[in-house]
Amino acid sequence: PADAIGGAEFLRRTRGLSLVERDLAVVAEIERGNVPSFLNRLTPVTVHSKARSGRDVSATVWVTPDYLAIGSDDDFFYVPLNYYSATGIAARLGCVLPTPRIVDAIYDQSVHHLKPAPLPASPLMGTNRYMAEHKERVDAQRRAFARGDLISGHKKDLVLTNRLAEIPGRVAIYGWHLATGRPIQPLSLVHGARYVDYSHGVRLVASVVDVGGVARSIYDALQDSTLASALSREGITRNPWGLMHPPVAMPSLTLARPLAGR
C-alpha cells in the first residue's frame with residue numbers, strides 16, 4: 001500500500017505492545033500487503049530421498065527466498081510469529097510451514113549461507129530490542145547480497161512434525177545451520193505454541209508441489225507413502241491439514257488499525 005510503513009517505523013510503533021498485540025499487528029500488516037516485494041516471488045527447491053522400494057523419489061517445492069518480513073525492499077524487519085499466527089497467515093496465503101527435511105534442502109540449495117549470530121539468552125529474547133539487534137547482525141552479513149536470492153542460516157524455522165500432534169500446545173523449532181550444514185537447533189518442542197523469540201523465522205512453502213511435472217497438493221503428498229519420505233524424514237505426516245489449522249485460535253483481540261496514533 002502507498003501508505004505502508006517501513007520496518008524501522010513498525011519496530012518503533014510496536015515497541016510498547018505485548019507479544020500477543022505485536023503478533024496481531026504483524027498479521028494485520030501482512031494481510032494488507034506490507035511485505036517486501038522480493039518475498040512475492042517463490043524459489044524452487046528440490047527434495048529427494050529413497051523410497052522403501054529403493055527407488056529415488058523427488059519433488060519440487062516453492063519457498064519464500066527469505067523469512068517473513070514487514071516493510072519495503074530497502075527497509076524491512078523480520079517478524080517472528082507464534083505457532084498460531086504463523087500457521088494462520090501461511091494458510092491464508094495458500095502456504096504451509098516447512099518440515100525439517102525441507103529446511104535442510106533450502107539450506108543446501110541457498111545462494112547465500114549466513115552464519116548464525118546468536119545473542120545472549122535472557123528475558124529480552126522476545127523483545128523488539130533483541131529483534132533489532134539481531135537484524136543488525138544479519139544485515140552486516142547480507143548487505144551485498146541481491147534481494148530475492150535464496151538465503152538461509154540466519155534463523156531457526158518453525159516447522160511441521162508429527163510430534164505437534166503428540167504434544168499439543170507446543171511450537172516445533174528446527175535449524176540455524178552452521179557452515180558444516182549441521183543445525184544448531186535440533187527439532188525441539190520445548191516451548192509453548194505462543195512462544196516467540198528473535199531467533200525464529202517464518203519461511204513459507206507453497207501448498208502445491210511438483211512431482212514429475214504433475215502438480216500435487218502438498219497436503220496429499222505429505223500423506224502419500226510413495227512421496228512422503230522426500231518431504232519429511234518422519235515418512236507420512238499424519239493430518240498435516242490439522243497441524244496447519246490448530247484448534248486453538250488466536251486471542252479475540254481486535255487491532256483493526258493496530259499501529260495508528262503511535
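The values are calculated or read from the model by the stated rules, or taken from the named source; none is laboratory data. The model shown is predicted, which means the values in this text are computed figures rather than measured ones. We place every Cβ from the backbone using ideal geometry, glycine too, and count neighbours over all the protein chains shown. Just so you know, the surface numbers come from the protein's heavy atoms only, side chains and all, with ligands and any DNA or RNA stripped out. Shrake-Rupley method; radii C 1.70, N 1.55, O 1.52, S 1.80 Å.
Conditions tested, residue by residue: (1) surrounded by 15 or more Cβ atoms within 10 Å (Cβ to Cβ); (2) modelled with pLDDT of 95 or more; (3) among the hydroxyl-bearing types (Ser, Thr, Tyr).
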position	(1), (2), (3)
210	yes, yes, no
219	yes, yes, yes
232	yes, yes, yes
240	yes, yes, no
248	no, no, no
251	no, no, no
257	no, no, no
Within the stretch 34-92, can you find the residues that are closer than 20 Å to residue 110 by Cα and among the acidic types (Asp, Glu)?
66, 73
Scan the stretch 150-158 and give yes if some residue there is surrounded by fewer than 16 Cβ atoms within 10 Å (Cβ to Cβ) and farther than 18 Å from residue 95 by Cβ, otherwise no.
no
Exclusive hit being of a type in the set (A, V, I, L, M), open to solvent by less than 10 Å² (accessible area, probe 1.4 Å) and more than 16 Å from the chain's Cα centre (by Cα), set 165, 228, 179:
228
Could you give every pair whose Cβ atoms fall below 6 Å, whose first residue belongs to the stretch 184-205 and is more than 22 Å from residue 65 (Cα to Cα), and whose second residue is aliphatic (A, V, I, L, M) and in a loop (DSSP other than H, G, I, E, B), counting only separations of at least 6 or pairs across chains?
189/167; 189/172; 191/171; 193/171; 195/171
All positions within the stretch 43-97 that are of a type in the set (Lys, Arg) and either in contact with a Pro (Cβ under 7 Å, 6 or more places away or on another chain) or under 23 Å from residue 171 (Cβ atoms) (or both):
92
Please specify each residue of the stretch 111-120 satisfying the condition of being closer than 17 Å to residue 185 by Cβ and part of a loop (DSSP other than H, G, I, E, B).
114, 115, 116, 117, 118, 119, 120
